[in-house]
1. Any residue in region 52-68 that's closer than 21 Å to Ala42 by Cβ and at pLDDT 85 or above: show its pairings with residues that are part of a helix (DSSP H, G or I) and basic (Lys, Arg) at Cβ separation under 8 Å, as long as the two are six or more apart or on different chains.
2. In region 1-37, which residues are surrounded by fewer than 17 Cβ atoms within 10 Å (Cβ to Cβ) and either touching an Asp or Glu at 6+ places or on another chain (Cβ under 7 Å) or among the aromatic types (Phe, Trp, Tyr) (or both)?
3. From the list Leu32, Leu58, which residue is under 25 Å from Ala12 (Cβ atoms) and in a loop (DSSP other than H, G, I, E, B)?
4. Residues of region 12-21 being over 19 Å from Glu64 (Cα atoms) and in a strand (DSSP E or B), which ones?
5. Going by the structure shown, is Ala42 more than 15 Å from Glu3 (Cα to Cα), at pLDDT below 90 and either surrounded by 15 or more Cβ atoms within 10 Å (Cβ to Cβ) or touching a strand residue (DSSP E or B) at 6+ places or on another chain (Cβ under 9 Å) (or both)?
Amino acid sequence: MTEVYCDIIPQASGWCFLSEEGQSAVYPSYRLAVEAAREYSASKVSIRKVTVLRQQDLRGRMQEIAGIAQAWGPDGTTGMGGRA
């Protein structure tokens with residue numbers, strides 16, 4: 001199975017994601033960019049491809065963020081006392 005990467009990156013005015021089709025619009029928050037990337041990847045579902053959401057860590061390495069993004073509930077809270 002082929003992995004397709006969708007990278008969440010900071011911009012001067014917010015956050016965007018990079019996919020195989022290019023750069024998305026800029027979103028005012030990290031959370032909105034992750035939600036948009038998830039919706040984008042869901043619309044591109046393929047039998048042979050799996051989309052992996054990633055973000056860059058402080059050392060420049062790309063890290064998968066599925067666990068981090070799943071911490072947000074549908075109401076916008078983390079369920080962790082306000083901590084993500």
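1. Leu53/Arg38
2. Listed by number, the residues that qualify are Val4, Tyr5, Leu18.
3. Just one listed residue meets the conditions, Leu58.
4. Going through region 12-21, the residues over 19 Å from Glu64 (Cα atoms) turn out to be 12-14, 21.
If the condition is that a residue be over 19 Å from Glu64 (Cα atoms) and in a strand (DSSP E or B), then Gly14 is the only one that fits.
5. Details: more than 15 Å from Glu3 (Cα to Cα): no; at pLDDT below 90: yes; either surrounded by 15 or more Cβ atoms within 10 Å (Cβ to Cβ) or touching a strand residue (DSSP E or B) at 6+ places or on another chain (Cβ under 9 Å) (or both): yes.
Spelling it out, it is not the case that Ala42 is more than 15 Å from Glu3 (Cα to Cα), at pLDDT below 90 and either surrounded by 15 or more Cβ atoms within 10 Å (Cβ to Cβ) or touching a strand residue (DSSP E or B) at 6+ places or on another chain (Cβ under 9 Å) (or both).
The values are calculated or read from the model by the stated rules, or taken from the named source; none is laboratory data. All values derive from a computational prediction rather than experimental measurement. For neighbour counting, all protein chains shown are included, and Cβ atoms are generated from backbone atoms with ideal geometry for every residue, glycine included.
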